[in-house]
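Worksheet for the structure shown next.
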């Protein structure tokens, strides 16, 4: 709110997250950095200044590995200029026609997020097409989710993206005038806005009107699929930066940094390389490495000795479909990697209809679940009746996923039970 | 309680939270009597109503001086507790930067502001300091250092030997007793210094060649920081708003009508000093000067326990006298600003009188200690009350004329709450 007498206090988590991100982006960390005030007037900025880091960001000079689809370039490295900490401003809600009063037009200011810490990650101008930028952004999202520093949801505003685009004639070393684009709410808008802006600037160049490309901020209009002028920058704004006197400087010890480095998970890039080496196709690799929890599930499954390709198929196929249907995450489903491993082993070994176990606990429970599964999958039942006996594994899997951890009976017994049920129903 | 900082812009503003210092006071049982309006033209010096009480915490100083309350809080950015203390003849204490939480203090210059104490005796100021000091999680610049029990440091006069200050090394800052300071102020301070010698101190003269650099450096830094701190007063979220058709006129009119001309001038100067192209020449340069001053004081305080100077180059001047000469007004801060730049503690005590106008006007002298060394200067001053007896006697004379009726009532209250030298005197 910027009330008289209010003072800022540093949230130590943001330093931890900044160091995590800085290390994951292969940056050099500033052992001693500070905060600065960036001063300007706007209704969503309660103090009339934003606490940020100006000349000594906490991390700088790194890079990010991105795997573009092969037809767009394959593996690429994009430079990271800097990572710095700053506070968020509020949000102006432009209601358009003022629903509260016809006479007075106003925009309410929502100050709830003012003061919340942010990390700003600035890339080097290394991307050349919209898709490269979009993939870069997607990889950053993957990274911050892997690190657990953000859920990276663009729709919630947990991840926000602004781009700067410029063009220059081939052979010219100097960069052209850059144009900022805001209001990008998804990776695809990032891609399309950039491609639009490139063609807009190229057109002006080709018409001999390159001087009409001015340093300005443009808004991406999703409906019209084009960028429009928001406000012309009257030269560079003078933010009158000076060191923030209300916050002490940030000093990082080697010990602290090493502690965080040791706690970093295997990052997406490393995982992808490892999965490639397991013999999986790029498509499989990209799917499995996309979500850290899915990757963990996969790693645990193959850790039990299960066949790599089969495990990949199960996870990408039936399990993914089940999760989507039931709106569950991989950590919520009842099937454990160990059980999946056993299931795969059983199917592979053809032991599905193996020996009948001696002990069955609560057969009624199993029966109920089996009934439900069979009833929910009439198509597969038909196919089974039609001779596709391998579908036994499918049914077993469904039963397992719905109830495995509740059953105290042995797996073989369940299989056997399903087996008998299926047999009995097909006759 | 309405909190307007003397500004039209905060008309009718009521803060939704207590400052930490005030909360601590309430928790220790203090009765908050009121809140003097900051920098108001209405407040006058109780010693001579045609003269200023000093600024900016002149209201608090005048209230204590006129016995309207026992102790008072003020804020000291460049001397705004110590100068009025000197002008009003009361004790003014500026703690080390970070000793007292700034949370809730309307920020002027963040790296210089501290909350200070006024009292009619050192013991009272010490009691007040004790209750407001300490680390505060809401103020990232507050110190985690433990707060010593200042009260245990006070020693009653009767228990002191004849040379109670033996071994205390006192350094008198030569540059503060030269040109530009009223001769009568100088002689008052020199008298005080001789008395200290009699009490056993080792007195030497100390030279701080960078002393005069402090004033311009201070003004650049204070104006820069305050221009930034005052940006939040835009009429949008609280305080007085002058509605406008578009954003710039809302901002412009609200601030134009809400701020007084002195404040506007300061905002303009501070903004200028921070502007692109000027930052290096002004703000950055001033910070470098600050470092020089800090180290020169540290060096001097390694060799001395206390440094001494006048609290102000003159006694209280007439209301309106400096109105058209802001630089002359700023020059009056020469004695006090270096202490803020260095973040050190300082205590101002009345040490004599100057004849002027309708009666006598108090002179105060300043004792500067090393960081977090308040206790040392207090001990030192516990003894000083003996010296202040003459001051007390003339005070009595003053009050008989002006506040005869209040005298009895106040003496009563003081006796009940806390023994202080002045209460004893009133009963004589």
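Values in this text are rule-based calculations from the coordinates and carry no lab data. What you are looking at is a predicted structure, and each value in this text was computed from that prediction instead of being measured. Using ideal geometry, Cβ is built from the backbone for each residue, glycine included, and neighbour counts are taken over all protein chains shown.
Data overview
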read-out: Packing rank of A:164-174, B:215-225, where each peptide gets the mean count of other beta carbons within 10 Å, highest leading; value: B:215-225, A:164-174
read-out: Cα→Cβ-extended label distance, 7 Å offset, between residue A:12 and residue A:110, nm; value: 3.2
read-out: For B:96-105, mean number of other protein chain Cβ atoms within 10 Å; value: 2
read-out: Average beta carbon contacts from partner chains per residue of B:241-253, 10 Å cutoff; value: 1
read-out: Once the Cα gyration tensor of region A:141-273 is diagonalised, semi-axes √(5λ) in Å; value: 35, 22, 17
read-out: Partner chain coverage, peptide A:39-49 - average Cβ within 10 angstrom; value: 5
read-out: Sequence-separation-based contact order of region B:335-375, relative, with Cα cut under 8 Å and 6+ spacing, percent; value: 42
read-out: Rg over Rh [alpha-carbon atoms, Kirkwood Rh] for region B:181-268; value: 1.33
read-out: Convex hull (Cα only) mean projected area of chain A, reported in nm² to one decimal; value: 30.2
read-out: Net lengthening on full extension, residue B:178/residue B:204 (0.36 nm per residue, minus Cα-Cα); value: 7.8 nm
read-out: Efficiency of FRET between residue B:237 and residue A:377 - r from beta-carbon atoms, R0 56 angstrom, step 0.05; value: 0.40
read-out: Pairwise FRET efficiency - residue A:261 versus residue A:188, Cβ, R0 = 30 Å, nearest 0.05; value: 0.30
read-out: Neighbour-count ranking [beta-carbon atoms within 10 angstrom, fewest first] of B:322, A:47; value: B:322, A:47
read-out: Cβ-Cβ FRET estimate between residue A:367 and residue A:313, R0 fixed at 30 Å, reported to 0.05; value: 0.55
read-out: Ranking of A:84, B:135 by count of other Cβ atoms within 10 Å, fewest first; value: B:135, A:84
read-out: Relative contact order %, chain A, counting alpha carbon pairs below 8 Å whose residues are six or more apart; value: 12
read-out: Ranked by how many other beta carbons lie within 10 Å on average, peptides B:292-303, A:181-192 from highest; value: A:181-192, B:292-303
read-out: Rel. contact order, % - alpha carbon contacts under 8 angstrom, at least six apart, region A:56-182; value: 19
read-out: Inter-probe distance in nm under a simple model that places probes 7 Å from Cα toward Cβ, at residue B:152 and residue A:348; value: 7.4
read-out: Pairwise centroid distance, computed over Cα atoms, of region B:241-292 with region A:51-69, Å; value: 33
read-out: Residues B:267, A:80, sorted so that the one with the fewest Cβ neighbours within 10 Å comes first; value: B:267, A:80
